[in-house]
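So the structure is just underneath, and the comments pick up after that.
No lab work stands behind these numbers, since they all come straight from the coordinates. This one's a predicted model, so the numbers in the text were calculated from it and none came from an experiment. Positions of Cβ are backbone-derived with ideal geometry, glycine not excepted, and every protein chain shown enters the neighbour counts.
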């Protein structure tokens, strides 16, 4: 690696002050699983790396009045082990579990996954389907935005040079919302997604229809995207294999996959269709089993 | 929906170079306490060659694996060897080691004969002893004889030998000849699940029955087979170096060059086929390369069995399998006369 | 230059490193602990796996500076003067390693797994090893060796180390 | 509010500060810590038993592997050692107009730079000497080395490579082996033909065989280029001494023949070269020929210091050998019972930019291509051709996995068409003791039938579907 300086921020406040002081020269280091890989092959390295990997005030996962708050430093392993996440958002556990391998999950953070912003990120789809809000902060103040707006393009987010992501909040209204995450990669271990899909929906217990279905797709567009047409079509429809298959077809039409050396656009569309239908089916099954539990 | 299929593939594979000379030399030194040191010019590249060669030397000297220390891989000190290539080490280097050990034995038998009151050709080595054949009650500890040979008779027990598999050149027009001295055989049977909506292939288990002649070390043979199968799975389903239109590799890294991880491995059931090759050291042939030869074929046949499509180019990626499923069975296959 | 101080295999180590030095380079080049290997240097192969505050990590993806104040365990810290670690013993008995290059990383991953999950399923073992590429063995004998250790320890007979801290929630 | 997060401070800072202040713990990195290892030698029973053959003896290197004490080349450091790096062309086919190393040489910490023109005999290869150690006049594939640097640190060497400027004049290139066989294709090594080796195996009367067949099947099969991926990359440490001898510790699976190649490129007597094969971290055929050894030897000679070079993972892919892609045409005639009567095979091997072990691969593939079956009428013809891609060479199986994929897929096609069980059709055709191979060899110790039956028994083949 080419030479750079490291300054340690022990908490969020210090990190923001350092970002204000160094501006675009600085780069934040949290898990480092993406940043260090980039720096090793980079022709130009940042002047200063602000190391927040021990700013433990950013590491928490907690339930607040707004919903489930996941701190910027929460690793994938922390997400997988959190009783709160396991109880309310098992799909997020599944997503984190498919990131890299144990070693990368122990270092890499969920927030970092969003910030690196590659279209195939695994953290993005479930959070987008669950309508997560991210909090960005600079020394000048804070702002919140829906995750969908945070993703700007491949490797490009709404973060300004002096800003950092503080936390991710899944709104309270979605606590326990049945959600499934499915990923298709070229192998089982350490796989990058060819396509990943998260589907989230309530099922009206009386009418057995989808309520507020949300579908998010990864690796099939410049950023992780929602499939609004499929969602709208599905709203109020019965949770049948036919409706889920149709939603998959619509979602496949909404995506803009590219052909690359990993897969063709056409194959990615096929996968969206299949995975979306399967994810919806899993979400519906979750809803059914939850109902059984409560009725017992 | 997941569809299960099974596929079988057998193979043959030669040991050693194609016609070309590929000699090995070895030196065995029996130390004055009856332990031994083996010098070989081959290199340990993970296959366990040094352990196996040590076992061969030990067998010839009637001592244990631990009694033999193997020195290898130094052109200044170790004898010529063609090296860790062509699945030849156990067979070719092993034969040289066995012969070298027998040379050392000859010295020890010469020395022990008078000590035991018999002719040298009446003696054999067993359990760290030199004993009279068919009359084991009369014996001497190997160490005692080795010490006597070196310190009293002035004939340290050192043996050297070379071996090269005999071949017959191939006729340039017809290819007729005897390019190799021996071959090994194997069968692998794969069971797979194919997802007929995504084309994903999961290898569930593989039964592998391999011939290696005598298994000098069955545990290491199993290790070779298991590792070879992993490589075969990569060849069958995952691995491919890709190039751009300018001839530059697209995926020269372990992120994008997809090789099997632990999660991609099936259950493996290994059988070592009962076999003995009189031309090999104690009946041994070899096992290194052939372990990954039939795997891809077995898996591809299992895919065919599961979903009825014949994938004719490797790797059988999920995308390729799905495309074939969509295109329907029987593509590309030409049958020239009616069945 | 950064001044760092960390516990490595139970012993406090203090050093000055260039800020861009990875933990892997620091261990190998400054502490002469060459058990962790450079296999890819970008976190794909796991040959550099060490345990930091109880968690298996790729030492190539961590700056030495980030390990400041932490507890680092490398393959060299497993055995004592008198005894091999049970994993080292089991790997030897099963011939679970062939060329051996991936071995230290695999054993560290296995240790982190068993510290957390004393009686893992085959699936859990495979999951724990998925970050450690091996080209020789097909992983089969590694899994058997790890199962052996888990079985021989028996449920609850082993005192597990205190849980680590990295990213733990 | 529920909080499931207990934030703990990573380490008790107070204790740590105290510890740091204690003089005894203020050890500097120069003091190498003792590495604990078991001093008691516990020898597993399997290693102590006689007879030794057949024992599940543990490996002699197994314990050191597990302790992390096996010394691979990258683990060795000699006093004053330099680090070498090689600049890769990045273009597949070009004439080298100019190599400017002046900026690299001027960098502080750079001790020597080497180009292809400084190599005494700039060619090597196990069959044909068609491969330059470092490309000097022409680049044949994108992974060719064009210059090398020895520097006091690896990082300086890497940065120095960026300062070496190479001017190329692009030349036509060919990447597809079937294209490369055409007369009109650009020649990879002009004036030589791109088809650099052929092999034929012929037995019986093919035409009569097909005429007598009840059914004839035809299919083309293809395979891909594959990398060995040894976990340890190619690595070499070279030390030139005052007697004019050079010692090379290297990841080479065949040191004796490697030494011959090194002596040839360095134009030195063989006995002035010592090659030490350390424990190699995986080979699979990929470490069967020299790569950077002459470069490091010459850099050591230039600088008078030991020089170490370790391939990056990228170099491992782009500049070491790979497995041959095959294009395989099979035509098989069988009788009504599925007994093979005639088989014609045509193999085209993509050799990449250099021959390497292609001749051997070609030979083995050609001989093995009919499969382990008794076939009276066989004709196999095989070609290996140059392309401007990464060179292909020895890899576990020398072409056998490729042809096995083809002949065994073909076998199942035939079985399916004739409605014969795949195991059964093989049992009807396989070699037995004394069978004649396609090259006319009488085979001994033949157990392919046993292997089929053993595997089928283990798998439960005859019990039917699971």
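Considering only DSSP beta bridges whose two residues both sit in the protein assembly as shown, what percent are antiparallel, to the nearest 5?
Given both bridge residues lie in the protein assembly as shown, the antiparallel proportion sits at roughly 80 percent.
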Helix axis angle, D:358-368 relative to chain D longest principal axis, alpha carbon, degrees: 30
Shape call, chain D: gyration tensor on alpha carbons, a/c limit 1.5: oblate
In degrees, nearest ten, helix B:94-116 long axis to first principal axis of chain B (Cα): 20
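Taking R0 as 25 Å, what FRET efficiency do you get between residue D:463 and residue B:202 from their Cβ-Cβ distance, rounded to the nearest 0.05? Spell out each step's value before the answer.
Numbers: r = 22 Å, r/R0 = 0.86.
Once rounded, the FRET efficiency stands at 0.70.
Set the Förster radius R0 to 41 Å, insert the Cβ-Cβ distance between residue C:151 and residue D:245 as r into 1/(1 + (r/R0)^6), and round the FRET efficiency to 0.05.
Working from the Cβ atoms, E equals 0.15.
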Helix A:12-22 vs. chain A, principal-axis angle (Cα, 0 to 90°, nearest 10): 60
Cα-projected label distance for residue D:98 with residue A:2, points at 7 Å along beta-carbon direction, nm: 2.5
Residue A:291-residue B:3 FRET efficiency (beta carbon distance; Förster radius 30 Å; 0.05 resolution): 0.40
Separation of alpha-carbon centers, region B:273-290 and region C:1-57, rounded to whole Å: 45
Test item: B:167-179 mean partner chain Cβ contacts at 10 Å: 6
Exposure proxy ranking, count of Cβ atoms within 10 Å, fewest first, for D:127, D:409: D:127, D:409
Whole-angstrom gap from region D:265-330 to region A:25-53, using each part's C-alpha centre: 33
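Would you calculate a helix-derived [θ] at 222 nm for chain A, using -39,500 (n - 2.57) for each DSSP H run of n ≥ 4 and dividing by the full residue count, to the nearest 500? Walk me through the numbers on the way to the answer.
Working: 12 runs with 113 residues, N = 296.
Using -39500 (n - 2.57) per qualifying helix, the result is -11000 deg cm²/dmol.
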Approximate spin-label separation residue B:77-residue D:183, in nm, with each point projected 7 Å along Cα-to-Cβ: 6.0
Gain in span if fully extended, residue B:33 to residue B:155, counting 0.36 nm per residue against the direct Cα distance: 42.5 nm
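What relative contact order, as a whole-number percentage, does chain D give when Cα pairs under 8 Å and 6 or more residues apart are counted? Let's see the in-between values first.
Numbers: 959 pairs, mean separation 78.7, N = 466.
Relative contact order, chain D: 17 percent.
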Virtual spin-label span in nm between residue A:139 and residue C:11, 7 Å along Cα→Cβ: 4.3
Fraction of beta bridges assigned by DSSP in chain D that are antiparallel (%, nearest 5): 75
Cβ neighbours within 10 Å from other chains - mean over B:213-220: 5
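If you stretched the chain out fully between residue D:71 and residue D:169, how much longer would it get, using 0.36 nm times the residue separation minus the C-alpha to C-alpha distance?
Net length gain for the segment: 30.9 nm.
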Part-to-part distance (alpha-carbon centres) for region B:153-204 and region D:128-191, which is given in Å: 34
Cα-based shape type of region A:69-125, given that a ≥ b ≥ c are square roots of the gyration tensor eigenvalues and the cut on a/c is 1.5: rounded
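On full extension of the chain, what length is gained from residue D:417 through residue D:208, given 0.36 nm per residue of separation minus the C-alpha to C-alpha distance? The partial results should precede the final answer.
Working: separation 209, 0.36 × 209 = 75.24 nm, distance 2.23 nm.
73.0 nm is the gain from fully extending residue D:417 to residue D:208.
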